[in-house]
1. Taking the stretch 170-285, how much of its Cα-Cα pair set, in percent, is spaced more than 22 angstrom apart?
2. Using Cα pairs under 8 angstrom and six or more residues apart, how large is the relative contact order of the stretch 95-149, in percent?
3. Report ³J(HN,Hα) in whole Hz for each residue of the stretch 259-272, in order, from the Karplus equation J = 6.51 cos²θ - 1.76 cosθ + 1.60 where θ = phi - 60°; Gly and Pro get x.
4. At a temperature of 10 °C and a viscosity of 1.306 mPa s, determine how fast the chain diffuses translationally according to Stokes-Einstein, using the Kirkwood radius over alpha-carbon pairs as Rh; express D in µm²/s, rounded to the nearest whole number.
5. How much of the pair distance distribution for the stretch 132-238 lies past 24 Å, counting alpha-carbon pairs only, in percent?
6. Taking only protein heavy atoms and a 1.4 Å probe, what accessible area per residue, in Å², does the chain have with all protein chains in place?
7. I need to check one value: relative contact order of the chain, counting alpha carbon pairs closer than 8 Å and at least 6 residues apart, in percent.
8. When the helix-only estimate is applied to the chain (DSSP H runs of n ≥ 4, each -39,500 (n - 2.57), divided by the residue count), what is the mean residue ellipticity at 222 nm, nearest 500 deg cm²/dmol?
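The values are calculated or read from the model by the stated rules, or taken from the named source; none is laboratory data. Because the structure is predicted, anything quoted here is derived from the model rather than measured. Every residue, glycine as well, gets a Cβ built from its backbone with ideal geometry; the counts of neighbours run over all protein chains shown. Quick note on the areas: whole protein, heavy atoms, side chains included, nothing else; ligands and nucleic acids left out. Shrake-Rupley method; radii C 1.70, N 1.55, O 1.52, S 1.80 Å.
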Amino acid sequence: MSGYDVDLFVIGAGSGGVRAARIAAGYGARVMVAEEHRIGGTCVIRGCVPKKLYVYASRFAAEFEEAAGFGWSVPEPHFEFAALKAAKDKEIVRLEGAYRANLERSGATLVPGRAVLEGPNAVRLADGSRVTAERILVAVGAHPFVPNAIKGCGLVETSNDIFEWESLPKSVVIAGGGYIAVEFASLLARLGSEVTLVLRADKVLRGFDEDMRNALTAHLPYGGVRIVAGAEIASIDGRVGNIAVNLTTGDAIACERVVYATGRVPNTAGLGLAEAGVEVDAAGAIRVDRASRSTAASVYAVGDVTNRVNLTPVAIREGHAFADTVYGGRPTEVDHSLVPSAVFTTPEIGSVGLTEGQARSRCEVTVYKTNFRPMKATLSGSVDRTLMKIVVEKATDRVLGVHIFGEGAGEMIQCLAIAVRMGATKRDFDMTLAVHPTAAEELVTMRTPWEGGGVT
Ligand code: NDP
(Lines give C-alpha, C1' and ligand atoms only; values in the text may rest on other atoms or scores of the structure.)
Protein backbone atom coordinates (compact mmCIF):
# COMPACT_ATOMS: atom_id res chain seq x y z
CA MET A 1 0.00 0.00 0.00
CA SER A 2 1.28 3.47 -0.90
CA GLY A 3 2.01 6.07 1.76
CA TYR A 4 -0.54 8.37 0.19
CA ASP A 5 -4.05 9.05 1.47
CA VAL A 6 -5.45 7.20 -1.56
CA ASP A 7 -4.02 5.18 -4.42
CA LEU A 8 -6.10 6.95 -7.07
CA PHE A 9 -7.84 10.30 -7.04
CA VAL A 10 -10.25 10.77 -9.93
CA ILE A 11 -11.35 14.32 -10.78
CA GLY A 12 -14.69 14.17 -12.58
CA ALA A 13 -17.50 11.62 -12.26
CA GLY A 14 -18.52 11.46 -15.91
CA SER A 15 -18.38 8.49 -18.24
CA GLY A 16 -14.59 8.09 -18.23
CA GLY A 17 -13.95 8.91 -14.58
CA VAL A 18 -16.69 6.68 -13.19
CA ARG A 19 -15.58 3.70 -15.25
CA ALA A 20 -11.93 4.12 -14.26
CA ALA A 21 -12.80 4.55 -10.58
CA ARG A 22 -15.07 1.51 -10.46
CA ILE A 23 -12.65 -0.80 -12.22
CA ALA A 24 -9.64 0.41 -10.23
CA ALA A 25 -11.57 -0.03 -6.95
CA GLY A 26 -12.55 -3.51 -8.12
CA TYR A 27 -8.85 -4.34 -8.40
CA GLY A 28 -8.42 -3.28 -4.78
CA ALA A 29 -7.20 0.31 -5.23
CA ARG A 30 -8.25 2.91 -2.63
CA VAL A 31 -10.12 5.34 -4.84
CA MET A 32 -11.59 8.79 -4.20
CA VAL A 33 -13.68 10.66 -6.79
CA ALA A 34 -14.54 14.36 -6.80
CA GLU A 35 -17.41 15.83 -8.83
CA GLU A 36 -18.42 19.48 -8.82
CA HIS A 37 -21.75 19.07 -10.63
CA ARG A 38 -23.88 15.94 -10.89
CA ILE A 39 -22.74 12.32 -11.10
CA GLY A 40 -22.83 11.05 -14.69
CA GLY A 41 -21.19 13.97 -16.47
CA THR A 42 -22.10 15.43 -19.83
CA CYS A 43 -23.48 12.25 -21.40
CA VAL A 44 -25.98 11.46 -18.66
CA ILE A 45 -26.89 14.91 -17.38
CA ARG A 46 -26.77 17.26 -20.40
CA GLY A 47 -25.72 15.26 -23.43
CA CYS A 48 -26.36 11.95 -25.15
CA VAL A 49 -29.07 10.59 -22.84
CA PRO A 50 -31.45 13.57 -22.48
CA LYS A 51 -30.81 14.40 -26.13
CA LYS A 52 -31.92 10.94 -27.24
CA LEU A 53 -35.04 11.20 -25.05
CA TYR A 54 -35.89 14.46 -26.82
CA VAL A 55 -35.18 12.85 -30.19
CA TYR A 56 -37.69 10.08 -29.40
CA ALA A 57 -40.24 12.74 -28.43
CA SER A 58 -39.67 14.63 -31.67
CA ARG A 59 -40.30 11.60 -33.86
CA PHE A 60 -43.89 11.11 -32.72
CA ALA A 61 -45.06 14.16 -34.65
CA ALA A 62 -44.46 12.49 -38.02
CA GLU A 63 -45.63 9.09 -36.73
CA PHE A 64 -49.06 10.50 -35.86
CA GLU A 65 -49.39 11.96 -39.37
CA GLU A 66 -48.08 8.90 -41.15
CA ALA A 67 -50.37 6.54 -39.23
CA ALA A 68 -53.24 7.71 -41.45
CA GLY A 69 -51.62 5.99 -44.43
CA PHE A 70 -51.97 2.70 -42.55
CA GLY A 71 -55.67 3.17 -41.80
CA TRP A 72 -55.46 4.87 -38.42
CA SER A 73 -57.39 7.98 -37.57
CA VAL A 74 -55.61 9.86 -34.84
CA PRO A 75 -57.20 12.75 -32.95
CA GLU A 76 -55.35 16.07 -33.26
CA PRO A 77 -52.19 15.41 -31.21
CA HIS A 78 -51.17 17.91 -28.57
CA PHE A 79 -47.64 18.27 -27.25
CA GLU A 80 -46.63 19.68 -23.83
CA PHE A 81 -42.95 20.52 -23.70
CA ALA A 82 -43.10 20.97 -19.92
CA ALA A 83 -44.34 17.38 -19.55
CA LEU A 84 -41.44 16.09 -21.66
CA LYS A 85 -38.96 18.13 -19.65
CA ALA A 86 -40.37 16.83 -16.35
CA ALA A 87 -40.23 13.23 -17.56
CA LYS A 88 -36.68 13.74 -18.82
CA ASP A 89 -35.58 15.30 -15.51
CA LYS A 90 -37.06 12.38 -13.58
CA GLU A 91 -35.21 9.84 -15.71
CA ILE A 92 -31.92 11.72 -15.37
CA VAL A 93 -32.32 11.78 -11.57
CA ARG A 94 -32.88 8.02 -11.67
CA LEU A 95 -29.81 7.47 -13.82
CA GLU A 96 -27.68 9.74 -11.69
CA GLY A 97 -28.71 7.67 -8.68
CA ALA A 98 -27.71 4.49 -10.48
CA TYR A 99 -24.30 5.94 -11.33
CA ARG A 100 -23.80 7.02 -7.72
CA ALA A 101 -24.87 3.64 -6.36
CA ASN A 102 -22.55 1.77 -8.73
CA LEU A 103 -19.63 3.96 -7.77
CA GLU A 104 -20.26 3.53 -4.05
CA ARG A 105 -20.83 -0.20 -4.43
CA SER A 106 -17.43 -0.50 -6.06
CA GLY A 107 -15.83 0.85 -2.88
CA ALA A 108 -14.81 4.25 -4.24
CA THR A 109 -15.38 7.28 -2.01
CA LEU A 110 -17.27 10.16 -3.56
CA VAL A 111 -16.58 13.74 -2.51
CA PRO A 112 -18.76 16.60 -3.71
CA GLY A 113 -17.27 19.82 -5.05
CA ARG A 114 -14.42 20.91 -7.26
CA ALA A 115 -10.97 19.42 -6.79
CA VAL A 116 -7.82 21.03 -8.19
CA LEU A 117 -4.31 19.68 -8.45
CA GLU A 118 -1.68 20.79 -5.96
CA GLY A 119 1.33 19.22 -7.56
CA PRO A 120 1.55 15.79 -9.19
CA ASN A 121 0.44 13.85 -6.11
CA ALA A 122 -2.10 15.99 -4.30
CA VAL A 123 -5.46 17.65 -4.79
CA ARG A 124 -7.20 20.42 -2.88
CA LEU A 125 -10.90 19.77 -2.25
CA ALA A 126 -13.73 22.28 -2.17
CA ASP A 127 -13.78 22.25 1.66
CA GLY A 128 -10.10 23.28 1.68
CA SER A 129 -8.74 19.90 2.72
CA ARG A 130 -5.82 18.28 0.91
CA VAL A 131 -5.68 14.68 -0.23
CA THR A 132 -2.49 13.00 -1.39
CA ALA A 133 -2.67 10.36 -4.09
CA GLU A 134 -0.20 8.02 -5.71
CA ARG A 135 -1.93 8.73 -9.02
CA ILE A 136 -4.43 11.29 -10.23
CA LEU A 137 -6.83 10.75 -13.13
CA VAL A 138 -8.22 13.89 -14.72
CA ALA A 139 -11.58 13.17 -16.38
CA VAL A 140 -13.22 16.58 -16.27
CA GLY A 141 -14.64 16.66 -19.79
CA ALA A 142 -15.33 19.71 -21.92
CA HIS A 143 -17.84 22.54 -22.19
CA PRO A 144 -19.54 24.32 -25.08
CA PHE A 145 -17.38 26.84 -26.90
CA VAL A 146 -19.00 30.13 -27.89
CA PRO A 147 -16.74 32.07 -30.25
CA ASN A 148 -15.71 35.72 -29.96
CA ALA A 149 -17.35 38.61 -28.27
CA ILE A 150 -19.92 39.77 -30.78
CA LYS A 151 -22.46 42.38 -29.77
CA GLY A 152 -25.27 40.69 -27.90
CA CYS A 153 -23.35 37.49 -27.16
CA GLY A 154 -24.82 37.54 -23.65
CA LEU A 155 -28.05 36.31 -25.25
CA VAL A 156 -26.39 33.19 -26.62
CA GLU A 157 -27.39 29.85 -25.13
CA THR A 158 -25.85 26.41 -25.56
CA SER A 159 -26.97 22.80 -25.53
CA ASN A 160 -26.61 22.88 -21.71
CA ASP A 161 -29.33 25.55 -21.54
CA ILE A 162 -31.71 23.74 -23.89
CA PHE A 163 -32.10 20.97 -21.33
CA GLU A 164 -33.25 23.56 -18.78
CA TRP A 165 -35.88 25.16 -21.02
CA GLU A 166 -39.35 24.91 -19.48
CA SER A 167 -41.14 25.76 -22.70
CA LEU A 168 -40.48 25.28 -26.38
CA PRO A 169 -39.54 28.52 -28.10
CA LYS A 170 -41.68 29.43 -31.09
CA SER A 171 -38.52 30.18 -33.02
CA VAL A 172 -34.84 29.50 -32.52
CA VAL A 173 -31.65 30.23 -34.44
CA ILE A 174 -28.88 27.66 -34.09
CA ALA A 175 -25.32 28.47 -35.15
CA GLY A 176 -23.03 25.61 -36.23
CA GLY A 177 -23.21 22.54 -38.40
CA GLY A 178 -21.69 19.79 -36.26
CA TYR A 179 -23.34 16.90 -34.41
CA ILE A 180 -24.90 19.06 -31.74
CA ALA A 181 -26.24 21.75 -34.06
CA VAL A 182 -27.94 19.34 -36.46
CA GLU A 183 -29.33 17.08 -33.74
CA PHE A 184 -30.98 19.97 -31.88
CA ALA A 185 -32.13 21.64 -35.09
CA SER A 186 -33.82 18.42 -36.14
CA LEU A 187 -35.46 17.63 -32.82
CA LEU A 188 -36.60 21.17 -31.98
CA ALA A 189 -38.13 21.62 -35.44
CA ARG A 190 -40.00 18.33 -35.16
CA LEU A 191 -41.27 19.32 -31.71
CA GLY A 192 -42.74 22.43 -33.31
CA SER A 193 -40.17 25.25 -33.19
CA GLU A 194 -39.35 27.31 -36.25
CA VAL A 195 -35.65 26.51 -36.55
CA THR A 196 -33.06 28.34 -38.62
CA LEU A 197 -29.64 26.70 -38.81
CA VAL A 198 -26.87 29.16 -39.62
CA LEU A 199 -23.80 27.50 -41.13
CA ARG A 200 -20.59 29.15 -42.13
CA ALA A 201 -19.88 26.21 -44.49
CA ASP A 202 -22.04 25.23 -47.48
CA LYS A 203 -23.30 22.04 -45.82
CA VAL A 204 -23.53 20.31 -42.45
CA LEU A 205 -21.19 17.83 -40.72
CA ARG A 206 -17.70 18.64 -41.92
CA GLY A 207 -15.56 15.51 -41.77
CA PHE A 208 -18.40 13.11 -42.60
CA ASP A 209 -18.74 11.32 -45.93
CA GLU A 210 -19.83 13.78 -48.60
CA ASP A 211 -22.92 11.75 -49.54
CA MET A 212 -24.05 11.79 -45.90
CA ARG A 213 -23.44 15.53 -45.70
CA ASN A 214 -25.39 16.14 -48.89
CA ALA A 215 -28.26 13.88 -47.84
CA LEU A 216 -28.69 15.48 -44.42
CA THR A 217 -28.34 19.02 -45.76
CA ALA A 218 -31.04 18.22 -48.33
CA HIS A 219 -33.38 16.46 -45.88
CA LEU A 220 -33.29 18.73 -42.82
CA PRO A 221 -35.71 21.17 -44.49
CA TYR A 222 -38.31 18.36 -44.85
CA GLY A 223 -38.26 18.17 -41.06
CA GLY A 224 -38.85 21.90 -40.80
CA VAL A 225 -35.28 23.18 -40.49
CA ARG A 226 -34.47 26.24 -42.55
CA ILE A 227 -30.77 26.26 -43.47
CA VAL A 228 -28.85 29.48 -44.07
CA ALA A 229 -25.46 28.38 -45.41
CA GLY A 230 -22.35 30.45 -45.96
CA ALA A 231 -23.26 32.86 -43.18
CA GLU A 232 -22.17 33.72 -39.67
CA ILE A 233 -23.81 35.67 -36.90
CA ALA A 234 -22.45 39.24 -36.84
CA SER A 235 -24.42 40.61 -33.88
CA ILE A 236 -27.49 39.95 -31.78
CA ASP A 237 -30.03 42.52 -30.56
CA GLY A 238 -33.02 42.42 -28.24
CA ARG A 239 -33.73 40.16 -25.29
CA VAL A 240 -34.65 36.49 -24.82
CA GLY A 241 -38.08 36.05 -26.36
CA ASN A 242 -37.61 38.86 -28.85
CA ILE A 243 -34.23 38.60 -30.53
CA ALA A 244 -32.87 39.87 -33.83
CA VAL A 245 -29.94 37.83 -35.15
CA ASN A 246 -27.95 39.84 -37.67
CA LEU A 247 -25.99 37.80 -40.18
CA THR A 248 -22.79 38.61 -42.03
CA THR A 249 -24.85 38.43 -45.21
CA GLY A 250 -26.79 41.50 -44.06
CA ASP A 251 -29.96 39.53 -43.35
CA ALA A 252 -31.63 39.56 -39.94
CA ILE A 253 -33.65 36.74 -38.37
CA ALA A 254 -36.22 37.32 -35.64
CA CYS A 255 -36.39 34.57 -33.01
CA GLU A 256 -37.11 33.87 -29.36
CA ARG A 257 -33.83 32.14 -28.59
CA VAL A 258 -30.38 31.81 -30.13
CA VAL A 259 -28.18 28.77 -29.53
CA TYR A 260 -24.54 28.23 -30.46
CA ALA A 261 -23.30 24.70 -31.09
CA THR A 262 -19.86 25.61 -32.34
CA GLY A 263 -17.67 22.97 -30.78
CA ARG A 264 -16.52 22.15 -27.27
CA VAL A 265 -13.35 22.94 -25.32
CA PRO A 266 -11.62 20.95 -22.57
CA ASN A 267 -12.30 21.97 -18.96
CA THR A 268 -8.65 22.50 -18.09
CA ALA A 269 -8.65 26.15 -16.94
CA GLY A 270 -7.83 26.73 -13.28
CA LEU A 271 -7.19 23.06 -12.56
CA GLY A 272 -3.57 23.50 -11.38
CA LEU A 273 -2.24 21.46 -14.28
CA ALA A 274 0.83 23.55 -15.13
CA GLU A 275 1.98 23.54 -11.49
CA ALA A 276 1.75 19.76 -11.50
CA GLY A 277 3.83 19.50 -14.69
CA VAL A 278 0.86 18.51 -16.86
CA GLU A 279 1.10 20.01 -20.35
CA VAL A 280 -1.88 21.01 -22.42
CA ASP A 281 -1.98 21.58 -26.19
CA ALA A 282 -3.03 24.71 -28.06
CA ALA A 283 -6.71 23.74 -27.68
CA GLY A 284 -6.28 23.36 -23.90
CA ALA A 285 -6.47 19.55 -24.04
CA ILE A 286 -4.23 17.47 -21.78
CA ARG A 287 -1.43 15.85 -23.77
CA VAL A 288 -1.35 12.12 -23.11
CA ASP A 289 0.48 9.09 -24.46
CA ARG A 290 -1.17 5.90 -25.69
CA ALA A 291 -1.60 4.80 -22.07
CA SER A 292 -3.45 8.07 -21.25
CA ARG A 293 -0.47 9.24 -19.19
CA SER A 294 0.22 12.98 -19.12
CA THR A 295 3.60 14.69 -19.08
CA ALA A 296 3.57 14.25 -15.26
CA ALA A 297 4.23 10.57 -14.58
CA SER A 298 1.62 10.27 -11.79
CA VAL A 299 -1.15 12.12 -13.64
CA TYR A 300 -3.37 10.48 -16.26
CA ALA A 301 -6.30 11.84 -18.27
CA VAL A 302 -9.19 10.26 -20.19
CA GLY A 303 -12.19 11.43 -22.17
CA ASP A 304 -13.00 14.79 -23.74
CA VAL A 305 -10.39 16.60 -21.65
CA THR A 306 -7.79 14.91 -23.87
CA ASN A 307 -9.65 15.81 -27.10
CA ARG A 308 -8.89 12.51 -28.84
CA VAL A 309 -12.20 11.12 -30.08
CA ASN A 310 -14.86 12.97 -28.09
CA LEU A 311 -17.48 10.29 -27.67
CA THR A 312 -18.85 8.63 -24.52
CA PRO A 313 -17.93 5.03 -25.41
CA VAL A 314 -14.37 6.15 -26.15
CA ALA A 315 -14.05 7.87 -22.75
CA ILE A 316 -15.41 4.73 -21.09
CA ARG A 317 -12.95 2.54 -22.97
CA GLU A 318 -10.05 4.86 -22.08
CA GLY A 319 -11.02 4.84 -18.40
CA HIS A 320 -11.34 1.06 -18.38
CA ALA A 321 -8.01 0.58 -20.17
CA PHE A 322 -6.29 2.88 -17.69
CA ALA A 323 -7.58 0.86 -14.72
CA ASP A 324 -6.76 -2.49 -16.36
CA THR A 325 -3.24 -1.32 -17.18
CA VAL A 326 -2.34 0.37 -13.91
CA TYR A 327 -4.29 -1.66 -11.34
CA GLY A 328 -5.22 -4.89 -13.06
CA GLY A 329 -1.84 -5.95 -14.41
CA ARG A 330 -3.39 -6.13 -17.89
CA PRO A 331 -1.72 -3.57 -20.14
CA THR A 332 -4.43 -2.38 -22.54
CA GLU A 333 -4.26 0.27 -25.23
CA VAL A 334 -7.32 1.87 -26.77
CA ASP A 335 -7.58 1.66 -30.54
CA HIS A 336 -8.95 5.00 -31.68
CA SER A 337 -9.46 3.85 -35.26
CA LEU A 338 -12.75 2.45 -36.53
CA VAL A 339 -14.87 4.24 -33.93
CA PRO A 340 -18.50 3.96 -35.08
CA SER A 341 -20.81 6.87 -34.41
CA ALA A 342 -24.34 8.04 -35.07
CA VAL A 343 -25.89 11.45 -35.58
CA PHE A 344 -29.40 11.45 -34.14
CA THR A 345 -31.13 13.69 -36.57
CA THR A 346 -34.32 12.41 -38.25
CA PRO A 347 -33.47 10.56 -40.44
CA GLU A 348 -30.26 9.65 -38.64
CA ILE A 349 -26.73 8.87 -39.82
CA GLY A 350 -24.54 5.93 -38.85
CA SER A 351 -20.89 5.77 -39.87
CA VAL A 352 -17.91 3.53 -39.35
CA GLY A 353 -14.48 3.59 -40.95
CA LEU A 354 -13.17 5.75 -43.74
CA THR A 355 -15.20 8.18 -45.77
CA GLU A 356 -14.94 7.80 -49.53
CA GLY A 357 -12.67 10.85 -49.64
CA GLN A 358 -10.34 9.53 -46.95
CA ALA A 359 -10.18 6.11 -48.61
CA ARG A 360 -9.43 7.57 -52.06
CA SER A 361 -6.51 9.52 -50.62
CA ARG A 362 -4.97 6.24 -49.40
CA CYS A 363 -5.73 3.59 -52.00
CA GLU A 364 -7.82 2.63 -55.02
CA VAL A 365 -11.39 2.04 -53.97
CA THR A 366 -14.66 0.65 -55.24
CA VAL A 367 -17.80 2.30 -53.96
CA TYR A 368 -21.24 0.73 -53.64
CA LYS A 369 -24.23 2.96 -53.06
CA THR A 370 -27.95 2.66 -52.92
CA ASN A 371 -30.63 5.27 -52.37
CA PHE A 372 -34.21 4.12 -51.94
CA ARG A 373 -37.58 4.95 -50.49
CA PRO A 374 -38.06 2.77 -47.39
CA MET A 375 -41.03 0.41 -47.54
CA LYS A 376 -42.78 2.19 -44.68
CA ALA A 377 -42.78 5.41 -46.71
CA THR A 378 -44.84 3.81 -49.49
CA LEU A 379 -48.00 3.91 -47.36
CA SER A 380 -47.07 6.62 -44.89
CA GLY A 381 -46.38 9.14 -47.61
CA SER A 382 -43.18 10.21 -45.87
CA VAL A 383 -40.57 11.86 -48.08
CA ASP A 384 -37.77 10.18 -46.12
CA ARG A 385 -35.21 8.23 -48.09
CA THR A 386 -32.48 5.83 -47.10
CA LEU A 387 -28.97 6.00 -48.46
CA MET A 388 -26.31 3.34 -47.93
CA LYS A 389 -22.72 3.36 -48.99
CA ILE A 390 -19.93 0.82 -48.73
CA VAL A 391 -16.34 1.87 -49.42
CA VAL A 392 -14.11 -1.06 -50.44
CA GLU A 393 -10.36 -1.30 -51.01
CA LYS A 394 -9.97 -2.49 -54.59
CA ALA A 395 -6.78 -4.52 -54.09
CA THR A 396 -7.95 -6.50 -51.05
CA ASP A 397 -11.77 -6.33 -51.30
CA ARG A 398 -11.72 -5.21 -47.67
CA VAL A 399 -14.55 -2.97 -46.48
CA LEU A 400 -12.97 0.27 -45.29
CA GLY A 401 -16.08 2.22 -44.43
CA VAL A 402 -19.87 1.99 -44.24
CA HIS A 403 -22.14 5.03 -44.13
CA ILE A 404 -25.90 4.98 -43.73
CA PHE A 405 -28.46 7.77 -43.81
CA GLY A 406 -31.93 6.64 -42.84
CA GLU A 407 -34.17 5.23 -40.16
CA GLY A 408 -32.32 2.85 -37.86
CA ALA A 409 -28.87 3.86 -39.11
CA GLY A 410 -27.49 4.10 -35.57
CA GLU A 411 -28.64 0.57 -34.71
CA MET A 412 -27.35 -0.85 -38.01
CA ILE A 413 -23.92 0.73 -37.76
CA GLN A 414 -23.28 -0.78 -34.33
CA CYS A 415 -23.52 -4.29 -35.81
CA LEU A 416 -21.69 -3.40 -39.01
CA ALA A 417 -18.81 -2.05 -36.93
CA ILE A 418 -18.12 -5.59 -35.73
CA ALA A 419 -17.77 -6.86 -39.29
CA VAL A 420 -15.63 -3.93 -40.39
CA ARG A 421 -13.42 -4.29 -37.33
CA MET A 422 -12.95 -8.00 -38.08
CA GLY A 423 -11.70 -7.08 -41.55
CA ALA A 424 -14.77 -8.19 -43.50
CA THR A 425 -14.48 -8.11 -47.29
CA LYS A 426 -17.18 -7.09 -49.71
CA ARG A 427 -17.44 -10.79 -50.57
CA ASP A 428 -18.28 -11.51 -46.91
CA PHE A 429 -21.10 -8.99 -47.19
CA ASP A 430 -22.26 -10.61 -50.46
CA MET A 431 -22.15 -14.12 -48.94
CA THR A 432 -24.35 -13.04 -46.04
CA LEU A 433 -28.01 -13.82 -46.55
CA ALA A 434 -30.48 -10.98 -46.45
CA VAL A 435 -33.17 -10.53 -43.81
CA HIS A 436 -36.29 -9.73 -45.76
CA PRO A 437 -38.05 -7.33 -45.77
CA THR A 438 -35.71 -4.90 -44.03
CA ALA A 439 -33.84 -1.80 -45.08
CA ALA A 440 -30.59 -3.35 -43.87
CA GLU A 441 -30.81 -6.16 -46.43
CA GLU A 442 -29.62 -3.65 -49.02
CA LEU A 443 -26.24 -3.79 -47.31
CA VAL A 444 -25.74 -7.38 -48.45
CA THR A 445 -27.38 -7.10 -51.85
CA MET A 446 -25.42 -4.28 -53.49
CA ARG A 447 -23.69 -5.96 -56.42
CA THR A 448 -22.79 -3.24 -58.89
CA PRO A 449 -20.06 -0.72 -58.16
CA TRP A 450 -21.19 2.88 -58.27
CA GLU A 451 -19.65 4.56 -61.25
CA GLY A 452 -21.41 7.90 -61.39
CA GLY A 453 -20.82 11.05 -59.42
CA GLY A 454 -23.26 11.87 -56.61
CA VAL A 455 -26.10 9.61 -55.61
CA THR A 456 -29.22 10.22 -57.64
P1 NDP B 1 -18.34 19.96 -33.88
O2 NDP B 1 -16.89 20.16 -33.77
O3 NDP B 1 -18.89 18.67 -34.35
O4 NDP B 1 -18.94 21.08 -34.82
C5 NDP B 1 -18.69 22.44 -34.62
C6 NDP B 1 -19.47 23.23 -35.64
O7 NDP B 1 -19.40 24.59 -35.31
C8 NDP B 1 -18.95 23.06 -37.05
O9 NDP B 1 -20.04 23.03 -37.93
C10 NDP B 1 -18.14 24.35 -37.25
O11 NDP B 1 -18.16 24.81 -38.56
C12 NDP B 1 -18.92 25.33 -36.42
N13 NDP B 1 -18.12 26.43 -35.92
C14 NDP B 1 -17.00 26.37 -35.19
N15 NDP B 1 -16.56 27.60 -34.89
C16 NDP B 1 -17.44 28.46 -35.44
C17 NDP B 1 -17.53 29.87 -35.52
N18 NDP B 1 -16.61 30.63 -34.94
N19 NDP B 1 -18.57 30.41 -36.18
C20 NDP B 1 -19.48 29.65 -36.78
N21 NDP B 1 -19.45 28.29 -36.76
C22 NDP B 1 -18.44 27.71 -36.11
O23 NDP B 1 -18.89 20.36 -32.45
P24 NDP B 1 -20.25 20.11 -31.69
O25 NDP B 1 -20.37 21.22 -30.74
O26 NDP B 1 -21.37 19.85 -32.63
O27 NDP B 1 -19.97 18.73 -30.93
C28 NDP B 1 -18.84 18.58 -30.07
C29 NDP B 1 -18.46 17.13 -29.97
O30 NDP B 1 -19.43 16.43 -29.24
C31 NDP B 1 -18.36 16.43 -31.31
O32 NDP B 1 -17.08 16.53 -31.84
C33 NDP B 1 -18.72 15.03 -30.98
O34 NDP B 1 -17.56 14.29 -30.75
C35 NDP B 1 -19.52 15.10 -29.72
N36 NDP B 1 -20.94 14.77 -29.94
C37 NDP B 1 -21.28 13.56 -30.47
C38 NDP B 1 -22.60 13.23 -30.68
C39 NDP B 1 -22.96 11.90 -31.26
O40 NDP B 1 -22.11 11.02 -31.32
N41 NDP B 1 -24.20 11.71 -31.72
C42 NDP B 1 -23.67 14.16 -30.37
C43 NDP B 1 -23.21 15.40 -29.84
C44 NDP B 1 -21.90 15.67 -29.65
P45 NDP B 1 -17.11 24.30 -39.69
O46 NDP B 1 -17.55 22.95 -40.10
O47 NDP B 1 -17.24 25.33 -40.74
O48 NDP B 1 -15.78 24.31 -39.02
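1. Result for the distance tail: 42 percent.
2. 18
3. Going residue by residue, I get 10, 9, 10, 10, x, 10, 10, x, 7, 9, 5, x, 9, x Hz, with x marking Gly and Pro.
4. 66
5. The proportion of pairs with Cα distances above 24 Å equals 32 percent.
6. Each residue of the chain exposes 46 Å² on average to a 1.4 Å probe.
7. Computed value for the chain: 15 percent relative contact order.
8. Theoretical 222 nm ellipticity from helices: -9000 deg cm²/dmol.
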